[in-house]
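A short write-up of the structure that comes next.
The values are calculated or read from the model by the stated rules, or taken from the named source; none is laboratory data. Quick caveat: nothing in here was measured; it's all calculated off a predicted structure. Note: ideal-geometry Cβ built from the backbone for every residue, glycine included; neighbour counts use all protein chains shown. With ligands, DNA and RNA removed, areas are computed over all heavy atoms of the protein, side chains included. Shrake-Rupley method; radii C 1.70, N 1.55, O 1.52, S 1.80 Å.
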Amino acid sequence: MFNWDQRWEVVIGLEVHTQLQTKSKIFSGSSIAYGAEPNTQASALDIALPGTLPVMNMEAARLAIKFGLAIDAEINMTNVFARKNYFYPDLPKGYQISQMALPIVGFGEIEIDTPDGVKTIGVTRAHLEEDAGKSLHEDFQGQTGIDLNRAGTPLLEIVSEPDMRSPAEAVSYLRKLHSLVRYIEICDGNMQEGSFRCDANVSIRPRGQAELGTRTELKNINSFRFVERAMEYEIERQIDILEDGGKVVQETRLYDPDKHETRSMRSKEEAHDYRYFPDPDLPPMVLDQAFLDEIRATLPELPTAKKARFETEFKLSSEDASLLTNSREVANFFEETAQKSKAEKKIVANWMIGELFANLNKSELEIAESPISTSQFATLLDRIADNTLSGKTAKQVFAALWEQEGEVDDIIEAKGLKQITDTGAIEAIVDEVIAASPDQVQQFKDGNDKVIGYLVGQVMQKSKGKANPQIANQLLKEKMS
Amino acid sequence: MTITTLSKLSADLSSGKVSSVELTKDYLSRIEQSTHNAFISTCPDLALAQAQAADQKRIDGNNSPLLGVPIAQKDIFCIDGTQTTCGSKILENFIAPYTATVIDNMHKQGVVSLGKTNMDEFAMGSSNETSYYGSVANPWGEETEQLVPGGSSGGSAAAVAAQLAPAATGTDTGGSIRQPAAFCGLTGIKPSYGRCSRYGMIAFASSLDQAGPMTHTAEDAALLLNSMAGFDSKDSTSLDVPAEDFTRCLDDSLEGIKIGLPKEFFGDGLDNEVATLIESAIKEYEKLGATVKEVSLPNSHLALPSYYVIAPAEASSNLSRFDGVKYGFRAEEYTDLTDMYYKTRSQGFGDEVKRRIMIGAYALSSGYYDAYYSQAQKLRRLISDDFDTVFKDCDVLMGPTTPSTAFEQGSRTDDPISMYLNDIYTIPANLAGLPAGSIQAGLTSAGLPAGLHLITPYLQEAKLLNIAHQFQQVTDWHTKVAPSIAQGGQ
């Protein structure tokens, strides 16, 4: 757990660029599919040939509005594109079409879970803009290769209020946001491919001071783990500076995950003056309520509502409900399984969060790629419920299902795993165990209740896990009393 | 020698008196022999292929008005496969891989594109003296006294006035069709903003630029505008209105037409002879049944300063793409990225372009945006509102197109402000997006043409052309050929 001198208060704001899941770019008809050969998805407009003009792809606006509605934000019924002017080779026009004074989405809120309960993080705004191309510095013998495939890809830049007070809160917000954009299917959230990029603004101030300290911007953080570590480093760095009587320089810093440090970006220029002005090539976007209503109707049950429903409808704990509603796919898997199975919902939850998640993580699979289907999972859980399997033998069946060795009942048959519920058979083993463990039997008789665990364990061992532990427990007690 | 109009050529082609191939060859030959430097390049292969196709179509029964008619195109328009320079060194090696919509529209009507006319660099200028490809000689001048043709569509104006093409396309941001039309004795029309697509037209000031026809007559201008205009989904500022026939009311009587004369357009700085010619022109209109009254556009004195904030600001951004990275000129030697940018743009752009980029960047910069750019846009609204007010009881506004007639080459290049003052009467219509035109009002004692400027309400190009056409029915200024050309004889 990261701790720092409690004299200092940390203030964090996050800017997340999400790549919107449209078919084509925001202002041109080019594809945005990842992984194409360089400069094969760059039209005349994308490479800024003279005379070309942008035309709005309303699908991008639709997805932006969907996000706004999902976080209960204001939607600006008239919103305006503005030019952000600067020179860089991967910015073909020498300006980026973005939104400044009037973004499409205004103020909204996202709730996060913290150890101290639910906290509301403000979202200042979310605006549409186009992505730049890519600069490739290796492989070109001292030159830089420019790939403009990405130039013009639609982005939604989501800006939070500086409401977070620790790296953990920041990560919690990011995870919530990541989950949400995937839930409402506006972004695939693939951080490796750059669909979900995070910049963090970090500053510190003496606790109790209202004025914000000087902030630095951390860039190039492409995993949740790096986010936390980068911030921790930066906070300590700033504390050291201030405690030595120095001043924090407002600058952009890159996180180096190998060295675990942040470094000032090598650039000679002072703060950019982007000379924003409304783009004269694009009239203001005017939305009507009917359009918004149409989009609202496409919103799925959102994570917060789904989690609450899981808690009330399935009587799950907050923690379990949270884990099971992390993504729509996981939530759907759970609900389908729960519907097909007679087992208690709590059991279904435990098995998903335990055995299933563990195996998915180990094999680095998404739930959609699970080798075990909801039907198979449901059947397995039914066999536990009807006492065919014990917890232990069920795990063996699970493993076999994972390797796709067959259906549940076939596996039970093949491996002879049917739980022994025949009291007579178990009795015989119980007698064996009592005979073999005189000390433990005596301890039990002397009042040590806990030793029953050991004795049951012995019965399970002798029966190769097949004895019904509840019956074994009961018989042991009867015979020892 | 008389002028050759589109109407006449259309009739000759239709009757079989001449073929498109013959016409095209004739014009290409004239261009080759001319000394006006009106063209940056010609496209003979394209032109002849188009002419042949047109002649064949005529045989197949197609008879559209401009089928097979050769036109000169301002080098601001991309035409697939042609060098498209915008008058600049920075695009000297640029071959456009696509065609501008207005040109494509014309090609679909069977128009033959002769070549790309000279122009002020990136449309910034009023004399064609900022072109990397040299100045253009106004055919109305003499050997001993080279006069400017006006700008930025100087090459197009000179080409038509020198009989190198029967008509040409131009573009107008602050007067760049109308002012050269006035200096060269032509009819030049800037349509309503949004009427013609800007796709494929290299951008100078996006909220002001418009393509338009430069011809000898209003009737020709209407014909050419018919083939250029129309909604284009590739231009988000293109007006989605039904197609119009701009010739439909050319012959309407002007009885009862109300002409407004903004007093601000007749103030100091206006050459006396030009003023006299304008007054005579107005009298012709009164004879045609129009009534005339003085009106006021009280904020029009703010038009020039507003324009010279807004246009450079938009231009400074539009020209950022010319950076040597993807296409066009790149400096041969440079030490790093920043140096490459500096050298490429310093070497690739001329002085006037650099001047305006700097003004524009300044007007948009942090701390100055509110005082300059934002303020200018607010003033633009006031200027536009003035027009709304006067158009409540006027059908058309008239005045001089320019404060003077064509001036000598080099006489204003040392003083950018004196150059900017050329556009003082034309700029307000650009700021308000209104249709405006210039027709020849007469010749001064020095034998130089003066232009009569007309402005009508938004989307009323047909009315504008009607008003212009009627003047040309009762006067013959528009038929005069520049003496140097008439003497050349052809």
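Please state which one of B:ARG355, B:ARG345, B:ARG321 is in contact (Cβ under 8 Å) with a residue 60 or more places away in the chain, within 11 Å of chain A (Cβ to nearest Cβ) and out of contact with any helix residue (DSSP H, G or I) (no Cβ under 6 Å at 6 or more places or on another chain). I'd like the intermediate steps shown before the answer.
Details: B:ARG355 fails: within 11 Å of chain A (Cβ to nearest Cβ); B:ARG321 fails: in contact (Cβ under 8 Å) with a residue 60 or more places away in the chain.
Matching residue, one of B:ARG355, B:ARG345, B:ARG321: B:ARG345.
Given the criterion in contact (Cβ under 8 Å) with a residue 12 or more places away in the chain, surrounded by 18 or more Cβ atoms within 10 Å (Cβ to Cβ) and more than 14 Å from every other protein chain (Cβ to nearest Cβ), identify the matching residue among A:LYS315, A:LYS345. Talk me through it step by step, then tell me what you get.
Details: A:LYS315 fails: surrounded by 18 or more Cβ atoms within 10 Å (Cβ to Cβ).
The conditions single out A:LYS345.
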- Message: Taking the condition of being open to solvent by 10 Å² or more (accessible area, probe 1.4 Å) and part of a loop (DSSP other than H, G, I, E, B), how many residues in region B:461-490 meet it?
- Response: 6
- Hey, any hits in region B:250-264 for a residue that's in a loop (DSSP other than H, G, I, E, B) and free of Cβ contacts under 8 Å to residues at least 12 places away in the same chain? no
- Query: Is there any pair with a first residue in region B:419-445 that is at positive phi and a second that is open to solvent by 10 Å² or more (accessible area, probe 1.4 Å) whose Cβ atoms are under 6 Å apart and which are 6 or more apart or on different chains, and what are they?
  - Reply: B:GLY433/B:TYR193; B:GLY442/B:LEU277; B:GLY442/B:TRP477
- Positions within region B:65-102 being among the charged types (D, E, K, R) and farther than 14 Å from B:GLY200 by Cβ, in sequence order: B:LYS89, B:GLU92
- Message: Going residue by residue through region A:322-337, is there one that turns out to be open to solvent by 70 Å² or more (accessible area, probe 1.4 Å), more than 14 Å from chain B (Cβ to nearest Cβ), basic (Lys, Arg) and in a helix (DSSP H, G or I)?
- Response: no
- State whether the residues of region A:86-105 include one that is in contact (Cβ under 8 Å) with a residue 60 or more places away in the chain, closer than 23 Å to A:MET191 by Cβ and more than 14 Å from chain B (Cβ to nearest Cβ). no
- Message: If I filter region A:58-73 for residues that are within 13 Å of chain B (Cβ to nearest Cβ) and either in a loop (DSSP other than H, G, I, E, B) or over 30 Å from A:ASN201 (Cβ atoms) (or both), do I get at least one hit?
- Response: yes
- Count - residues of region B:291-318 that are over 22 Å from the mean Cα position of the chain (by Cα), more than 14 Å from chain A (Cβ to nearest Cβ) and open to solvent by less than 10 Å² (accessible area, probe 1.4 Å): 1
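Suppose we keep only residues that are open to solvent by 30 Å² or more (accessible area, probe 1.4 Å) and touching a Phe, Trp or Tyr at 6+ places or on another chain (Cβ under 9 Å) within region A:59-75. Which one would you say is farthest from A:MET285 (Cα to Cα)?
A:GLU74
Could you run through region A:278-308 and say how many residues are of a type in the set (A, V, I, L, M), in contact with a helix residue (DSSP H, G or I) (Cβ under 7 Å, 6 or more places away or on another chain), farther than 30 Å from B:ILE202 by Cβ and not in a loop (DSSP other than H, G, I, E, B)?
Initial filter on region A:278-308 (of a type in the set (A, V, I, L, M)): A:282, A:285-287, A:290, A:292, A:295, A:297, A:299, A:302, A:305, A:308.
Those still in the list that are in contact with a helix residue (DSSP H, G or I) (Cβ under 7 Å, 6 or more places away or on another chain) too: A:285, A:292, A:295, A:299, A:302.
Narrowing further to those that are farther than 30 Å from B:ILE202 by Cβ: A:292, A:295, A:299, A:302.
With the extra rule that they be not in a loop (DSSP other than H, G, I, E, B), the set shrinks to A:292, A:295.
Residues meeting the conditions: 2.
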- When (1) more than 24 Å from B:CYS86 (Cβ to Cβ); (2) within 11 Å of another protein chain (Cβ to nearest Cβ) are applied to B:VAL390, the one that fails is (2)
- Message: Here's a check for you: in region B:211-249, which residue that is acidic (Asp, Glu) and outside any helix (DSSP H, G or I) is farthest from the other protein chains (Cβ to nearest Cβ)?
- Response: B:ASP245
- For region B:405-416, enumerate the residues that are farther than 16 Å from B:LEU147 by Cβ and either in contact (Cβ under 8 Å) with a residue 40 or more places away in the chain or in contact with a helix residue (DSSP H, G or I) (Cβ under 9 Å, 6 or more places away or on another chain) (or both). B:PRO416
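Is it the case that region B:98-118 has a residue that's within 14 Å of chain A (Cβ to nearest Cβ), more than 24 Å from the chain's Cα centre (by Cα) and at pLDDT 95 or above? Outline the logic, then answer.
Our first condition is that a residue be within 14 Å of chain A (Cβ to nearest Cβ); within region B:98-118, this holds for B:98-104, B:116.
From the residues that got through so far, the ones that are more than 24 Å from the chain's Cα centre (by Cα) too are none.
No, region B:98-118 has no match at all.
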- With criteria (1) within 17 Å of the chain's Cα centre (by Cα); (2) open to solvent by less than 60 Å² (accessible area, probe 1.4 Å), A:ALA308 comes up short on (1)
- Residue match in region B:173-193 (condition: under 26 Å from B:THR247 (Cα atoms), open to solvent by 10 Å² or more (accessible area, probe 1.4 Å), in contact (Cβ under 8 Å) with a residue 60 or more places away in the chain and touching a strand residue (DSSP E or B) at 6+ places or on another chain (Cβ under 7 Å)): yes
